[in-house]
1. Starting from 0.36 nm per residue, how many nanometres of slack lie between residue 230 and residue 96 once their C-alpha separation is accounted for?
2. Grab every C-alpha pair in segment 174-254, bin the distances at 5 angstrom width from 0 up to the longest one, and report whole percents.
3. Just the number: Rg to Rh for segment 235-301, Cα atoms, Kirkwood Rh, two decimals.
4. Of all beta bridges DSSP finds with both residues in the chain, what is the antiparallel percent, to the nearest 5?
5. Relative to the longest principal Cα axis of the chain, at what angle does helix 86-98 sit, 0 to 90 degrees, rounded to 10?
6. Could you list 138, 45 so that the one with the fewest beta carbons within 10 Å of its beta carbon is first and the one with the most is last?
7. With r as the distance between the Cβ atoms of residue 254 and residue 201 and R0 = 25 Å, compute the FRET efficiency 1/(1 + (r/R0)^6) and round to 0.05.
8. To test your reading of the geometry: what angle, between 0 and 90 degrees and rounded to tens, separates the Cα axis of helix 196-208 from the longest principal axis of the chain?
Ligand code: ATP
């Protein structure tokens with residue numbers, strides 16, 4: 001494959017900086033298999049990339065550095081700015097792959113809250129791969145970047161691809177899905193995140209106690225895929241599903257009220273996104289989403305709300 005994200009000098013600003021955006025994701029459906037012996041779970045998910053974007057800007061520098069602004073930059077458990085940040089590891093992996101020195105100053109502007117079930121860290125990693133490929137002129141193919149993305153985390157290939165996709169394996173094996181129309185959502189953002197490993201552990205615990213089905217058989221993703229392709233909204237509303245919702249609610253009981261509040265406020269349906277605690281509320285159209293957001297913003301169920309739509313493209317250069 002000869003696809004390249006490198007835009008050449010056209011994408012390098014006067015100061016030598018290169019920026020890329022990458023989107024948040026919603027899991028429109030997420031089925032989780034039983035705990036495997038290696039500690040992982042098989043997934044079957046339908047991802048939708050939505051219009052809440054992080055921006056990663058890279059500049060030439062000596063050595064590697066990361067700064068973070070926006071969502072999650074401050075507070076008791078801030079997004080790390082060292083090797084633990086996924087963009088740091090993305091830079092090291094791409095540099096190793098291309099045989100160049102991992103020299104860059106990386107600035108991450110976060111609109112996607114951290115530990116929210118929206119794959120914000122994965123979005124940043126995908127954007128960093130695309131931006132650094134252009135800055136360093138490494139001319140990685142799409143296949144190369146996808147392989148590096150899969151090594152960084154199971155959601156990173158989707159953050160790179162965007163759109164709608166069926167994910168299997170740990171989420172990293174993608175099959176693109178066609179959606180002929182945009183879908184409008186309100187994201188209800190919570191105060192404080194939920195740790196993804198903790199939510200999986202709670203799922204395993206509830207299953208071991210027989211309080212949830214064991215997840216041994218995945219339901220067909222076809223109803224979700226068909227509904228996303230062409231609607232109507234009632235079909236998509238009926239198809240939303242997330243095996244991580246029950247454990248997320250178990251760890252964060254206020255989510256039950258938030259989900260009910262979204263329906264009472266007029267959402268066609270509401271689901272916890274990924275491992276939560278973000279609530280994704282589906283609206284019939286854009287006007288309905290704006291009205292829904294106004295009602296939810298006044299109710300205090302969420303720290304804040306965002307009107308988004310999807311599908312949108314994956315990580316791409318800005319400008
Ligand atoms: P997912 O839905 O993929 O499980 P999430 O949206 O719940 O992920 P992220 O925001 O991707 O969670 O980040 C989870 C943790 O990863 C954070 O608590 C943080 O410590 C660490 N992290 C590393 N790099 C980043 C980054 N660039 N942005 C946010 N968190 C990061």
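Each reported figure results from applying straightforward, stated rules to the coordinates on display, with no laboratory input. Since the model is a prediction, treat every value here as computed from it, not as a measurement. Every residue, glycine as well, gets a Cβ built from its backbone with ideal geometry; the counts of neighbours run over all protein chains shown.
1. The residue 230-residue 96 span can extend by a further 44.0 nm.
2. Percent of pairs per bin, in order: 3, 12, 17, 18, 16, 19, 13, 2, 0.
3. For segment 235-301, the value is 0.96.
4. In the chain, approximately 85 percent of DSSP beta bridges are antiparallel ones.
5. Between the helix axis and the principal axis of the chain, the angle is about 50 degrees.
6. Ordered from fewest to most neighbouring Cβ atoms within 10 Å, 138, 45 come out as 138, 45.
7. Working from the Cβ atoms, E equals 0.80.
8. Result, in degrees: 30.
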